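Only the coordinates and a few stated rules stand behind these numbers; no lab work does. These numbers were taken from a predicted model, which means no experiment stands behind them. Heads up, the Cβs are rebuilt from the backbone with ideal geometry, glycines too, and the neighbour counts pull from every protein chain shown.
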Amino acid sequence: MSSIRNKKVLYQILEKLFRSGLRALLKILFRVRIEGAQNFELSRDPTLVVCNHTSLLDGVMLYAFLPNPPVFLVNKTTAKVWYFKIFLHPISKLLIDDLHPMTLKKAIKQLIAGETIVVFPEGRITTTGVLMKIYAGPAMLAAKSGARVMPIGIEGLQHSRFSYLKSTLHLKTLPSVKITISPPEVFEPYDSLPVKIRRARRSQAMFQIMQRISFNNTYESENLFESLIRSATKHGGSTPIISDPNNPNVTYRSLIARAFILSELLEPDLKEIRRVGILLPSTVAAATAFFALQHLGKEVVLLNFSGGITPLMKAISISKVKYVITSSAFVDIAGIHEEISSIRNEAKVTFLEDVKKCVTTGSKLRGFVKALLTKYLSQTHRNDPEPEHCAVILFTSGSEGNPKGVALSHANILKNYAQAQVLISINKNDHVLNVLPIFHAFGLVVGLITPLLKGTPSYQYPSPLHYRKIPEICYQQNISCLLGTNTFLSNYAKHASSYDFYNVRWVLSGAEKLSQSTKNLWQSRFGIRIFEGYGVTEASPVLAVNHPLYHQENTVGQLLPNIEYKLIAVDGLNEGGELAVKGPNIMLGYLDASGEVSRTCGKLGLGWYDTGDIVKVNDDGFISIIGRQKRFVKIGGEMVSLATIENFVQTTWPEFEHVALGLEDLQRGEQIVLVSTKIDLQRSELIEAGKNNGLAPICFPKKVVYTPEIPYLPTGKIDHGGLKELAVKLIADAH
């Protein structure tokens, strides 16, 4: 007995020495950084450690750096592979069989006995670079044992040669590694639910934990320019990352060098200036100007050049911009000379072509040397702006009223990227086409910034309205990921050859409701499923998205991790409510009359934002948008959704466009008017069709008016303000 005890003590001493040596070696080789180590001490209860699985070294890292050697759950089949045996040999492990859940009973007993057990819920090393299928076993372990779940994230090893991502990521021999230990969580067992639903809820809860792990892995407390530098280091400075019709295959290093050169030339003029406007379409030049200003620590105001002089000048007035960067070539092509003349009355206008004339050999050399040395010289990218400082000011579309200036911080944008990127499996082999303007949050964050941070090449195109040309670009550029609104996607499909989208595997729709006809058109013609998301400028912009792992028809997906929500009751509405959200991606606030930021404060208090969208949230957490609160009319004390009417009419006459409006009515307060491109549509046939489809009589439009074309904003949204003016005029003319 004494001999056995002595052997056990000796083994523990040897193991401790081995782990210490291994930890020291790994720290040197991979420059391992531990965040949240104190969280491990918080858990005195049975603990189930769950971790993302990116490489063959994940278990070795946890074995070396956790305070005490844990027990690993390992699949029996995996344990038989010879190269796994090498890594598993010194580790305490419990072999399980996925086909026989009863084998988990032993693990449950060990957890209850106080063991720390490590499990990888994905069940395999990722081959996509993002989260993969989450197995039910780990959720059952947590639920049955009552153990607290401790999320641990490993970031960096996916870029090592021990990962399975050799063809999709830029690999390094010894990448730096970050291990993030989050506070332990209580796992909801859902014991009161039926078996099938209980299983689904547990798996979903485990998936949400894994999402939070991914968020912590991805987000770094830095500003946007620092994030670009870090991405270049991670994905390789010589990697082609951005292009446009005039600038093919611009590398990270070239983009950063251009930003350094431009910032050096602009700096003398901008020393005393806080905010600088950019009036450019989506191009490499726009990206260069954007990051040059970020390097200088300026608040960048992205100006909408396509809405006319009045909203443009209002934006300049609200944001107090005194300096605007644009391009003379762009001004000529867009025909906005009058707008430039008006801007000059309020601010200095600088053309990039004039700046380019000042570029010298010396400034080029300094820019490229800085770009080469960014990894080593912190002063090349360490500037004044802290992550919580304002980085960008965008203006809402103004589709239903006056545009508002939205102030987004560096952290808002980078945290929204961290929230969403785990769901979108694009990599270096993909090619993103961004046709959305950068003055639109979707175009800026999803179309420009996300590919740069993700290491995915993007093709920036200056106009989304070239319906015939954009499908051809998809074909010629081998585009695999396309972003758009319902309007744009519908028109691209109508004008495309059946083979133009041969390489497209991701189509992401946002900014407006995706119609069934657009979904059907893409599915029937190209065999492509469109994933619909939901966002608002004030949320930087993504709030929810459907994706291959979790998606439901006729929803916009589940909310991203770390977003709280509540539904605010709406008088006269029987189901759903106004969506209010709170999270790290919610804006700093709106600009007030003095140009300063007024902190976000909704009906529920500070930090909450009221979206104005009426939604339903089902038991699985999927959001269905009923409509905008402003797009409801109250008739006879009852709230009527204009979107419901539009959906019915669009389904009945899909080859035309139809928009329902709420206009003033002297007798009933409000009336419903349908504006349609169907020239012979009569109210009587609309009522007849509505009765046959069970539409409530209160939903029948009082008037139907014809217009040959529905007006749209450049963002792809319907111009409801302009359409109301048109409808009032058409009704008056009819009388």
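General remarks:
- For the pair residue 346 and residue 133, the difference between a 0.36 nm per residue extended length and the Cα-Cα distance amounts to 71.2 nm.
- Taking label points 7 Å from Cα along the Cα-to-Cβ direction, residue 112 and residue 731 give a separation of 7.0 nm.
- Between the beta carbons of residue 703 and residue 606, assuming R0 = 51 Å, the FRET efficiency works out to 0.70 to the nearest 0.05.
- Extension gain, residue 685-residue 404: 0.36 nm per intervening residue step, less the Cα-Cα distance, totals 97.1 nm.
- Share, in percent, of DSSP beta bridges within the chain that are antiparallel, nearest 5: 55 percent
- Segment residue 497..residue 38, full-extension length gain: 159.4 nm, with 0.36 nm per residue of separation and the alpha-carbon distance subtracted.
- Label-reachable residues, segment 326-364, where backbone N falls under 15 Å from a point 7 Å from residue 272's Cα toward its Cβ: 348
- The C-alpha atoms of the chain define a longest principal axis, and helix 2-30 lies at about 40 degrees to it.
- Protection proxy ranking of 163-175, 55-67, 357-369, by the mean of other Cβ atoms within 10 Å over each peptide's residues and highest first, is 55-67, 163-175, 357-369.
- The alpha-carbon of residue 357 sits under 14 angstrom from the alpha-carbons of these aspartates and glutamates, leaving out residues fewer than 8 places away in its chain: 264.
- If the convex hull is drawn through the Cα atoms of segment 222-409, its volume per residue in Å³: 125 Å³
- Qualifying chymotrypsin sites (Phe, Trp or Tyr not before Pro) in segment 478-561, DSSP loop, other Cβ atoms within 10 Å at most 11: 499
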